[in-house]
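Notes to accompany the following structure.
The values are calculated or read from the model by the stated rules, or taken from the named source; none is laboratory data. Bear in mind the structure is a predicted one, so any value in this text is a computation, not a measurement. Using ideal geometry, Cβ is built from the backbone for each residue, glycine included, and neighbour counts are taken over all protein chains shown.
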Amino acid sequence: MILRAPAKINLGLDVLRKREDGYHEVKMVMQTVAMFDTVELTETRESGITLETNRSFLPVNENNLAYKAASLLMQEFGVTSGLHIRLQKFIPVAAGLAGGSSDAAAVLVGASRLFGLGLTPQDLMVRGKKIGADVPYCILGGTALAEGIGEILTPLPAMPDCSILLAKPSFSVSTKEIYTALRADELTDHPDIDGMIQALREGDLDGITSRCDNVLERVTAPRHPMIGQLEEEMRSFGAAVSIMSGSGPTVFGIFKDPDAALACKAALLERPGMGKVFAANPMAGRRF
Ligand code: ATP
(Lines give C-alpha, C1' and ligand atoms only; values in the text may rest on other atoms or scores of the structure.)
Protein backbone atom coordinates (compact mmCIF):
# COMPACT_ATOMS: atom_id res chain seq x y z
CA MET A 1 0.00 0.00 0.00
CA ILE A 2 1.42 3.38 -1.03
CA LEU A 3 0.20 6.63 0.51
CA ARG A 4 1.14 10.23 -0.14
CA ALA A 5 1.85 12.42 2.89
CA PRO A 6 1.47 16.10 1.95
CA ALA A 7 3.13 19.14 3.54
CA LYS A 8 1.21 21.92 5.26
CA ILE A 9 1.70 25.64 5.60
CA ASN A 10 0.16 28.07 8.07
CA LEU A 11 -1.72 30.83 6.26
CA GLY A 12 -2.12 32.39 9.68
CA LEU A 13 -0.55 31.49 13.01
CA ASP A 14 -1.43 33.17 16.29
CA VAL A 15 -0.39 32.18 19.80
CA LEU A 16 -2.98 33.17 22.38
CA ARG A 17 -1.21 32.22 25.58
CA LYS A 18 1.13 29.80 27.28
CA ARG A 19 -0.81 27.29 29.36
CA GLU A 20 0.18 26.18 32.84
CA ASP A 21 1.30 22.80 31.44
CA GLY A 22 3.81 24.57 29.15
CA TYR A 23 1.89 24.04 25.89
CA HIS A 24 0.87 27.06 23.85
CA GLU A 25 -2.71 27.76 22.95
CA VAL A 26 -2.80 28.57 19.24
CA LYS A 27 -5.22 29.76 16.59
CA MET A 28 -4.00 28.80 13.14
CA VAL A 29 -5.31 28.54 9.61
CA MET A 30 -3.74 25.42 8.14
CA GLN A 31 -3.45 24.63 4.44
CA THR A 32 -2.29 21.42 2.76
CA VAL A 33 0.00 21.90 -0.23
CA ALA A 34 0.66 19.40 -3.01
CA MET A 35 4.20 18.32 -2.21
CA PHE A 36 4.62 14.91 -0.69
CA ASP A 37 6.57 12.29 1.14
CA THR A 38 5.57 8.77 0.14
CA VAL A 39 4.87 6.03 2.65
CA GLU A 40 4.85 2.43 1.47
CA LEU A 41 3.42 -0.12 3.90
CA THR A 42 3.96 -3.86 3.53
CA GLU A 43 2.57 -6.50 5.89
CA THR A 44 5.24 -9.00 6.87
CA ARG A 45 4.91 -12.47 8.37
CA GLU A 46 7.56 -11.81 10.97
CA SER A 47 6.21 -9.66 13.79
CA GLY A 48 7.61 -6.22 14.60
CA ILE A 49 8.14 -3.00 12.66
CA THR A 50 11.01 -2.16 10.32
CA LEU A 51 11.58 1.20 8.65
CA GLU A 52 13.82 2.34 5.82
CA THR A 53 14.18 5.92 4.61
CA ASN A 54 16.14 7.90 2.02
CA ARG A 55 17.24 10.38 4.74
CA SER A 56 20.09 8.68 6.58
CA PHE A 57 20.05 11.22 9.45
CA LEU A 58 16.49 10.28 10.47
CA PRO A 59 15.91 7.64 13.15
CA VAL A 60 14.49 4.29 12.03
CA ASN A 61 13.10 3.33 15.44
CA GLU A 62 10.39 4.63 17.84
CA ASN A 63 11.86 8.12 17.44
CA ASN A 64 10.63 8.24 13.86
CA LEU A 65 7.05 9.53 13.92
CA ALA A 66 6.03 7.08 11.18
CA TYR A 67 7.31 4.15 13.27
CA LYS A 68 5.68 5.54 16.41
CA ALA A 69 2.29 5.77 14.65
CA ALA A 70 2.48 2.15 13.49
CA SER A 71 3.62 0.94 16.89
CA LEU A 72 0.79 2.73 18.69
CA LEU A 73 -1.93 1.19 16.50
CA MET A 74 -0.44 -2.30 16.30
CA GLN A 75 0.04 -2.55 20.05
CA GLU A 76 -3.44 -1.29 20.85
CA PHE A 77 -5.10 -3.74 18.45
CA GLY A 78 -2.77 -6.65 19.10
CA VAL A 79 -1.68 -7.00 15.48
CA THR A 80 0.45 -10.13 15.35
CA SER A 81 1.89 -9.83 11.84
CA GLY A 82 4.68 -7.33 11.17
CA LEU A 83 4.98 -4.14 9.15
CA HIS A 84 7.68 -2.75 6.88
CA ILE A 85 7.58 1.01 6.29
CA ARG A 86 9.42 2.46 3.31
CA LEU A 87 9.50 6.21 3.84
CA GLN A 88 10.64 8.43 1.00
CA LYS A 89 11.09 11.96 2.22
CA PHE A 90 10.85 14.92 -0.13
CA ILE A 91 9.41 17.38 2.40
CA PRO A 92 12.34 19.17 4.08
CA VAL A 93 12.86 18.10 7.72
CA ALA A 94 12.48 20.53 10.66
CA ALA A 95 11.24 23.13 8.23
CA GLY A 96 7.82 24.23 9.53
CA LEU A 97 6.03 22.01 7.00
CA ALA A 98 4.88 19.24 9.40
CA GLY A 99 6.50 16.51 7.30
CA GLY A 100 6.95 14.15 10.25
CA SER A 101 3.37 14.65 11.45
CA SER A 102 2.08 14.01 7.95
CA ASP A 103 4.09 10.78 7.69
CA ALA A 104 2.55 9.66 11.01
CA ALA A 105 -0.94 10.56 9.74
CA ALA A 106 -0.39 8.52 6.55
CA VAL A 107 0.78 5.51 8.57
CA LEU A 108 -2.28 5.68 10.86
CA VAL A 109 -4.66 5.82 7.87
CA GLY A 110 -2.72 3.15 5.95
CA ALA A 111 -2.16 0.70 8.81
CA SER A 112 -5.82 0.88 9.81
CA ARG A 113 -6.76 -0.10 6.25
CA LEU A 114 -4.02 -2.70 5.82
CA PHE A 115 -4.90 -4.55 9.02
CA GLY A 116 -8.67 -4.04 8.60
CA LEU A 117 -9.02 -2.21 11.93
CA GLY A 118 -12.08 -0.30 10.69
CA LEU A 119 -11.20 2.95 12.45
CA THR A 120 -13.01 6.16 11.49
CA PRO A 121 -11.07 9.38 10.77
CA GLN A 122 -12.24 10.57 14.20
CA ASP A 123 -10.80 7.42 15.85
CA LEU A 124 -7.51 7.99 14.04
CA MET A 125 -7.36 11.65 15.06
CA VAL A 126 -7.72 10.69 18.73
CA ARG A 127 -4.71 8.35 18.38
CA GLY A 128 -2.85 10.93 16.27
CA LYS A 129 -2.96 13.52 19.03
CA LYS A 130 -0.86 11.19 21.20
CA ILE A 131 1.90 11.38 18.59
CA GLY A 132 1.86 15.13 18.00
CA ALA A 133 -0.45 18.16 18.07
CA ASP A 134 -0.36 18.55 14.25
CA VAL A 135 -1.13 14.88 13.47
CA PRO A 136 -4.96 15.18 13.73
CA TYR A 137 -4.86 18.06 11.24
CA CYS A 138 -2.66 16.01 8.89
CA ILE A 139 -5.34 13.28 8.93
CA LEU A 140 -8.07 15.82 8.08
CA GLY A 141 -6.08 17.89 5.55
CA GLY A 142 -7.28 20.76 3.35
CA THR A 143 -8.04 24.20 4.76
CA ALA A 144 -8.85 24.17 8.47
CA LEU A 145 -8.87 26.24 11.63
CA ALA A 146 -6.73 24.64 14.36
CA GLU A 147 -7.25 25.73 17.97
CA GLY A 148 -6.31 24.40 21.41
CA ILE A 149 -2.76 23.12 21.01
CA GLY A 150 -3.57 22.59 17.33
CA GLU A 151 -5.81 19.55 17.73
CA ILE A 152 -9.26 21.22 17.84
CA LEU A 153 -10.17 21.39 14.18
CA THR A 154 -12.84 23.13 12.14
CA PRO A 155 -12.78 22.47 8.39
CA LEU A 156 -12.92 25.69 6.34
CA PRO A 157 -13.89 26.34 2.70
CA ALA A 158 -11.06 25.43 0.30
CA MET A 159 -8.52 28.13 -0.48
CA PRO A 160 -8.96 29.60 -3.99
CA ASP A 161 -6.43 28.18 -6.45
CA CYS A 162 -3.07 29.92 -6.67
CA SER A 163 0.63 29.06 -6.86
CA ILE A 164 2.49 28.64 -3.61
CA LEU A 165 6.25 28.89 -3.73
CA LEU A 166 8.10 27.32 -0.79
CA ALA A 167 11.72 28.15 -0.06
CA LYS A 168 13.63 26.26 2.64
CA PRO A 169 17.04 27.72 3.54
CA SER A 170 19.80 25.17 4.08
CA PHE A 171 19.64 25.61 7.89
CA SER A 172 16.92 24.11 10.10
CA VAL A 173 15.02 25.45 13.08
CA SER A 174 13.87 23.64 16.21
CA THR A 175 10.15 24.17 16.84
CA LYS A 176 10.67 23.73 20.57
CA GLU A 177 13.37 26.39 20.72
CA ILE A 178 11.22 28.97 18.92
CA TYR A 179 8.18 28.37 21.14
CA THR A 180 10.39 28.56 24.23
CA ALA A 181 11.77 31.95 23.14
CA LEU A 182 8.30 33.34 22.35
CA ARG A 183 6.84 35.68 24.97
CA ALA A 184 3.17 35.09 24.21
CA ASP A 185 1.96 37.59 26.83
CA GLU A 186 4.06 40.35 25.28
CA LEU A 187 2.58 40.02 21.78
CA THR A 188 0.77 43.23 20.95
CA ASP A 189 -0.30 42.82 17.31
CA HIS A 190 -2.14 39.60 16.53
CA PRO A 191 -2.99 38.16 13.10
CA ASP A 192 -6.58 38.74 11.95
CA ILE A 193 -7.55 35.05 11.87
CA ASP A 194 -11.31 35.76 12.01
CA GLY A 195 -10.97 38.13 9.03
CA MET A 196 -9.08 35.43 7.13
CA ILE A 197 -11.84 32.90 7.83
CA GLN A 198 -14.40 35.38 6.48
CA ALA A 199 -12.26 35.91 3.35
CA LEU A 200 -12.09 32.10 2.87
CA ARG A 201 -15.89 31.91 3.12
CA GLU A 202 -16.11 34.59 0.42
CA GLY A 203 -13.45 32.92 -1.78
CA ASP A 204 -11.57 36.23 -1.67
CA LEU A 205 -7.88 35.50 -2.34
CA ASP A 206 -6.86 39.16 -1.79
CA GLY A 207 -8.67 39.14 1.55
CA ILE A 208 -6.78 35.97 2.51
CA THR A 209 -3.32 37.13 1.44
CA SER A 210 -3.72 40.54 3.10
CA ARG A 211 -4.23 38.71 6.43
CA CYS A 212 -1.39 36.15 6.21
CA ASP A 213 0.69 36.58 9.36
CA ASN A 214 2.66 34.33 11.71
CA VAL A 215 3.65 35.46 15.22
CA LEU A 216 6.49 32.90 15.38
CA GLU A 217 8.22 34.90 12.67
CA ARG A 218 8.75 37.65 15.30
CA VAL A 219 11.13 35.15 16.99
CA THR A 220 12.70 33.27 14.07
CA ALA A 221 13.24 36.09 11.53
CA PRO A 222 15.50 38.34 13.67
CA ARG A 223 17.77 35.31 14.26
CA HIS A 224 17.97 34.49 10.55
CA PRO A 225 18.11 37.52 8.20
CA MET A 226 17.70 35.22 5.20
CA ILE A 227 14.01 34.81 6.06
CA GLY A 228 13.27 38.50 5.47
CA GLN A 229 15.42 38.51 2.34
CA LEU A 230 13.53 35.58 0.81
CA GLU A 231 10.22 37.29 1.54
CA GLU A 232 11.39 40.50 -0.09
CA GLU A 233 12.56 38.63 -3.18
CA MET A 234 9.24 36.77 -3.47
CA ARG A 235 7.35 40.06 -3.28
CA SER A 236 9.63 41.62 -5.91
CA PHE A 237 8.61 38.76 -8.25
CA GLY A 238 4.92 39.54 -7.71
CA ALA A 239 3.93 37.45 -4.67
CA ALA A 240 0.77 38.90 -3.11
CA VAL A 241 2.28 37.98 0.25
CA SER A 242 5.28 36.11 1.61
CA ILE A 243 5.65 34.90 5.21
CA MET A 244 7.26 32.11 7.21
CA SER A 245 5.48 28.78 7.79
CA GLY A 246 5.19 27.27 11.29
CA SER A 247 8.32 27.88 13.34
CA GLY A 248 10.31 28.19 10.11
CA PRO A 249 12.61 28.51 8.46
CA THR A 250 10.57 27.76 5.30
CA VAL A 251 9.18 30.89 3.68
CA PHE A 252 6.24 30.69 1.30
CA GLY A 253 4.86 33.17 -1.21
CA ILE A 254 1.38 33.20 -2.73
CA PHE A 255 1.31 34.03 -6.43
CA LYS A 256 -1.70 34.51 -8.70
CA ASP A 257 0.52 34.07 -11.76
CA PRO A 258 2.16 30.60 -11.88
CA ASP A 259 4.81 31.85 -14.33
CA ALA A 260 5.90 34.54 -11.86
CA ALA A 261 6.24 31.83 -9.20
CA LEU A 262 8.46 29.76 -11.51
CA ALA A 263 10.61 32.78 -12.42
CA CYS A 264 11.04 33.51 -8.72
CA LYS A 265 11.94 29.86 -8.07
CA ALA A 266 14.75 30.04 -10.64
CA ALA A 267 16.12 33.23 -9.05
CA LEU A 268 15.94 31.84 -5.49
CA LEU A 269 17.84 28.69 -6.48
CA GLU A 270 20.81 30.91 -7.37
CA ARG A 271 21.06 32.22 -3.81
CA PRO A 272 23.86 31.07 -1.51
CA GLY A 273 22.50 29.19 1.50
CA MET A 274 19.35 28.17 -0.37
CA GLY A 275 18.17 24.65 0.40
CA LYS A 276 15.12 23.54 -1.54
CA VAL A 277 12.57 25.52 -3.53
CA PHE A 278 9.24 24.02 -4.59
CA ALA A 279 6.21 25.40 -6.41
CA ALA A 280 2.93 23.73 -5.41
CA ASN A 281 -0.82 24.30 -5.38
CA PRO A 282 -3.13 24.29 -2.37
CA MET A 283 -4.90 20.96 -1.86
CA ALA A 284 -8.36 20.11 -0.58
CA GLY A 285 -8.78 17.76 2.40
CA ARG A 286 -9.20 14.00 2.26
CA ARG A 287 -12.73 12.95 1.36
CA PHE A 288 -13.33 10.18 3.88
P1 ATP B 1 6.15 21.33 12.43
O2 ATP B 1 5.77 22.20 11.28
O3 ATP B 1 5.03 20.40 12.88
O4 ATP B 1 6.84 22.02 13.55
P5 ATP B 1 8.57 20.54 11.18
O6 ATP B 1 8.34 20.57 9.71
O7 ATP B 1 9.24 21.73 11.77
O8 ATP B 1 7.20 20.27 11.88
P9 ATP B 1 9.40 17.78 11.02
O10 ATP B 1 10.11 17.73 9.71
O11 ATP B 1 8.04 17.23 11.05
O12 ATP B 1 9.42 19.29 11.56
O13 ATP B 1 10.30 17.02 12.12
C14 ATP B 1 10.93 17.60 13.18
C15 ATP B 1 11.80 16.60 13.94
O16 ATP B 1 11.16 15.34 14.11
C17 ATP B 1 13.10 16.34 13.23
O18 ATP B 1 14.12 16.91 13.99
C19 ATP B 1 13.25 14.83 13.13
O20 ATP B 1 14.43 14.35 13.68
C21 ATP B 1 12.07 14.26 13.87
N22 ATP B 1 11.36 13.23 13.05
C23 ATP B 1 10.89 12.07 13.49
N24 ATP B 1 10.27 11.38 12.51
C25 ATP B 1 10.33 12.13 11.42
C26 ATP B 1 9.85 11.97 10.09
N27 ATP B 1 9.19 10.87 9.70
N28 ATP B 1 10.07 12.96 9.22
C29 ATP B 1 10.72 14.09 9.62
N30 ATP B 1 11.20 14.29 10.85
C31 ATP B 1 11.01 13.32 11.76
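Data overview
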read-out: Check on Ala105, among the aliphatic types (A, V, I, L, M), more than 10 Å from the ligand (Cβ to nearest atom) and closer than 20 Å to Gly246 by Cα; value: yes
read-out: Qualifying residue in segment 249-257 (condition: over 15 Å from Phe171 (Cβ atoms), in contact (Cβ under 8 Å) with a residue 40 or more places away in the chain, more than 16 Å from the ligand (Cβ to nearest atom) and β-branched (Val, Ile, Thr)); value: yes
read-out: Qualifying residue in segment 33-56 (condition: in contact with a helix residue (DSSP H, G or I) (Cβ under 7 Å, 6 or more places away or on another chain), assigned to a strand (DSSP E or B), in contact (Cβ under 8 Å) with a residue 60 or more places away in the chain and over 30 Å from Met244 (Cβ atoms)); value: yes
read-out: Residue within segment 84-96 that is more than 18 Å from the chain's Cα centre (by Cα) and away from the ligand (no atom under 16 Å from the Cβ) present; value: no
read-out: So Leu41, is it more than 8 Å from the ligand (Cβ to nearest atom), surrounded by 20 or more Cβ atoms within 10 Å (Cβ to Cβ), farther than 20 Å from Met125 by Cα and not basic (Lys, Arg); value: no
read-out: Failed item, numbered, when Ala106 is tested on (1) on the phi > 0 side of the Ramachandran plot; (2) in a helix (DSSP H, G or I); value: (1)
read-out: Output for segment 204-229, where each listed residue is closer than 23 Å to Ser172 by Cβ and part of a helix (DSSP H, G or I); value: Glu217, Arg218, Val219, Thr220, Ala221, Pro222, Arg223, Pro225, Met226, Ile227, Gly228, Gln229
read-out: Test: Ala95 is more than 14 Å from Thr38 (Cβ to Cβ), in contact (Cβ under 8 Å) with a residue 12 or more places away in the chain, assigned to a loop (DSSP other than H, G, I, E, B) and touching a strand residue (DSSP E or B) at 6+ places or on another chain (Cβ under 6 Å); value: yes
read-out: Residue in segment 163-175 that is under 18 Å from Ala94 (Cα atoms), surrounded by fewer than 20 Cβ atoms within 10 Å (Cβ to Cβ), assigned by TED's automatic domain parsing to the domain that holds Val251 and of a type in the set (A, V, I, L, M, F, W, C) present; value: yes
read-out: Tally of residues being under 30 Å from Phe237 (Cβ atoms) and part of a helix (DSSP H, G or I) across segment 178-193; value: 2
read-out: Some residue of segment 49-63 being modelled with pLDDT under 95 and over 16 Å from Ala5 (Cβ atoms); value: no
read-out: Among the residues listed as Ala144, Ala133, Ala167, Ala184, the single one being over 16 Å from the mean Cα position of the chain (by Cα), at negative phi and not acidic (Asp, Glu); value: Ala184
